[in-house]
Amino acid sequence: MSLIPMSIAHNSFSGPIPKELGNLKELTMLSFGSNNFSETLPRELGNLVKLQLFYMDSCGLGGEIPSTFAKLINMQAFYASDNPFSGKIPSFIGNWRKLTSL
(Lines give C-alpha, C1' and ligand atoms only; values in the text may rest on other atoms or scores of the structure.)
Protein backbone atom coordinates (compact mmCIF):
# COMPACT_ATOMS: atom_id res chain seq x y z
CA MET A 1 0.00 0.00 0.00
CA SER A 2 1.37 3.41 -0.87
CA LEU A 3 0.76 6.47 1.23
CA ILE A 4 -0.55 9.39 -0.79
CA PRO A 5 -0.14 12.47 1.41
CA MET A 6 -1.09 16.11 1.01
CA SER A 7 0.25 18.61 3.48
CA ILE A 8 -0.34 22.34 3.33
CA ALA A 9 0.18 22.85 7.06
CA HIS A 10 2.03 25.75 8.68
CA ASN A 11 1.34 28.36 6.01
CA SER A 12 -0.76 31.50 5.97
CA PHE A 13 -3.60 30.20 3.82
CA SER A 14 -6.96 31.82 4.48
CA GLY A 15 -10.54 31.66 3.25
CA PRO A 16 -12.61 28.49 2.92
CA ILE A 17 -11.18 25.02 2.31
CA PRO A 18 -11.84 24.25 -1.38
CA LYS A 19 -14.58 21.63 -1.70
CA GLU A 20 -12.70 20.27 -4.72
CA LEU A 21 -10.27 18.58 -2.32
CA GLY A 22 -13.02 15.99 -2.01
CA ASN A 23 -12.18 14.89 -5.56
CA LEU A 24 -8.71 13.68 -4.53
CA LYS A 25 -10.06 10.25 -3.64
CA GLU A 26 -6.69 8.49 -3.42
CA LEU A 27 -5.48 10.63 -0.49
CA THR A 28 -4.55 8.69 2.61
CA MET A 29 -3.18 11.65 4.59
CA LEU A 30 -4.41 15.24 4.67
CA SER A 31 -2.82 17.95 6.78
CA PHE A 32 -3.83 21.60 6.79
CA GLY A 33 -3.30 22.62 10.39
CA SER A 34 -1.78 25.92 11.53
CA ASN A 35 -3.42 28.09 8.88
CA ASN A 36 -6.08 30.80 8.91
CA PHE A 37 -8.98 29.12 7.12
CA SER A 38 -12.55 30.24 7.69
CA GLU A 39 -16.05 28.83 7.47
CA THR A 40 -16.62 25.08 7.92
CA LEU A 41 -15.23 21.78 6.72
CA PRO A 42 -16.57 21.01 3.25
CA ARG A 43 -18.90 18.02 3.27
CA GLU A 44 -17.12 16.82 0.11
CA LEU A 45 -14.12 15.78 2.23
CA GLY A 46 -16.30 12.84 3.25
CA ASN A 47 -15.57 11.43 -0.23
CA LEU A 48 -11.97 10.74 0.81
CA VAL A 49 -12.78 7.18 1.91
CA LYS A 50 -9.12 6.08 1.81
CA LEU A 51 -8.13 8.80 4.28
CA GLN A 52 -6.25 7.37 7.27
CA LEU A 53 -4.60 10.43 8.81
CA PHE A 54 -6.28 13.83 9.09
CA TYR A 55 -4.53 16.75 10.79
CA MET A 56 -6.37 20.05 11.08
CA ASP A 57 -5.17 21.49 14.38
CA SER A 58 -5.30 25.28 14.74
CA CYS A 59 -6.62 25.96 11.26
CA GLY A 60 -9.52 28.30 12.09
CA LEU A 61 -12.42 26.15 10.91
CA GLY A 62 -15.68 26.16 12.84
CA GLY A 63 -19.18 24.74 12.73
CA GLU A 64 -19.94 21.05 12.98
CA ILE A 65 -18.04 18.11 11.58
CA PRO A 66 -20.02 17.09 8.48
CA SER A 67 -22.14 13.93 8.61
CA THR A 68 -20.45 12.80 5.37
CA PHE A 69 -17.35 12.07 7.47
CA ALA A 70 -19.16 8.91 8.59
CA LYS A 71 -17.80 7.35 5.37
CA LEU A 72 -14.20 7.79 6.55
CA ILE A 73 -14.01 4.29 8.01
CA ASN A 74 -10.26 3.91 7.37
CA MET A 75 -9.42 6.79 9.71
CA GLN A 76 -6.57 5.97 12.09
CA ALA A 77 -5.66 9.44 13.43
CA PHE A 78 -7.94 12.49 13.55
CA TYR A 79 -6.55 15.70 15.05
CA ALA A 80 -8.79 18.75 15.25
CA SER A 81 -7.73 20.62 18.39
CA ASP A 82 -7.74 24.39 18.83
CA ASN A 83 -10.59 25.13 16.41
CA PRO A 84 -13.96 26.76 17.12
CA PHE A 85 -16.05 23.67 16.26
CA SER A 86 -19.59 23.55 17.62
CA GLY A 87 -22.17 20.91 18.38
CA LYS A 88 -21.56 17.45 19.78
CA ILE A 89 -18.81 15.00 18.98
CA PRO A 90 -20.36 12.99 16.15
CA SER A 91 -21.45 9.47 17.12
CA PHE A 92 -20.16 8.07 13.82
CA ILE A 93 -16.61 8.46 15.13
CA GLY A 94 -17.39 5.32 17.16
CA ASN A 95 -17.64 3.45 13.85
CA TRP A 96 -14.10 4.36 12.85
CA ARG A 97 -12.81 0.97 14.04
CA LYS A 98 -9.22 1.63 12.94
CA LEU A 99 -8.97 4.88 14.92
CA THR A 100 -6.03 4.84 17.33
CA SER A 101 -5.54 8.56 17.97
CA LEU A 102 -8.08 11.32 18.45
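Before moving on, here are some points about what is shown:
- Top-ranked residue of region 36-46 - restricted to ones that are crowded, with 18+ Cβ neighbours inside 10 Å and in contact with a helix residue (DSSP H, G or I) (Cβ under 6 Å, 6 or more places away or on another chain), ranked as nearest to residue 6 (Cα to Cα): 45
- Residues of region 6-57 satisfying the condition of being in a strand (DSSP E or B) and over 23 Å from residue 95 (Cα atoms): 6, 7, 14, 15, 36, 37
- Complete set of residues in region 87-102 that are touching a strand residue (DSSP E or B) at 6+ places or on another chain (Cβ under 6 Å) and either surrounded by 15 or more Cβ atoms within 10 Å (Cβ to Cβ) or not aliphatic (A, V, I, L, M) (or both): 101
- Of all residues in region 44-58, none that is without any contact (Cβ under 8 Å) to a residue 24 or more places away in the chain has its Cβ atom under 7 Å from the Cβ atom of a residue that is in a helix (DSSP H, G or I), 6 or more apart or on another chain.
- In region 58-70, the qualifying residues are those that are among the small types (Gly, Ala, Ser) and part of a loop (DSSP other than H, G, I, E, B), and the one that is surrounded by the most Cβ atoms within 10 Å (Cβ to Cβ) is 60.
- Options 99, 51: the member that is under 26 Å from residue 10 (Cβ atoms) and more than 12 Å from the chain's Cα centre (by Cα): 99
- The lone criterion from (1) surrounded by fewer than 13 Cβ atoms within 10 Å (Cβ to Cβ); (2) modelled with pLDDT of 95 or more; (3) of a type in the set (A, V, I, L, M) left unmet by residue 53 is number (1).
- Looking across region 13-40 at every residue that is hydroxyl-bearing (Ser, Thr, Tyr) and at pLDDT 95 or above, the one that is farthest from the chain's Cα centre (by Cα) is identified as 14.
Condition check ((1) surrounded by fewer than 18 Cβ atoms within 10 Å (Cβ to Cβ); (2) touching a Gly at 6+ places or on another chain (Cβ under 7 Å); (3) acidic (Asp, Glu)) across all residues:
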position: 34; (1), (2), (3): no, no, no
position: 72; (1), (2), (3): no, yes, no
position: 76; (1), (2), (3): yes, no, no
position: 81; (1), (2), (3): yes, no, no
position: 85; (1), (2), (3): yes, yes, no
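The values are calculated or read from the model by the stated rules, or taken from the named source; none is laboratory data. Keep in mind that this is a model prediction, so the values were computed, not measured. Here Cβ is always computed from backbone atoms with ideal geometry, including for glycine, and neighbour counts include all displayed protein chains.
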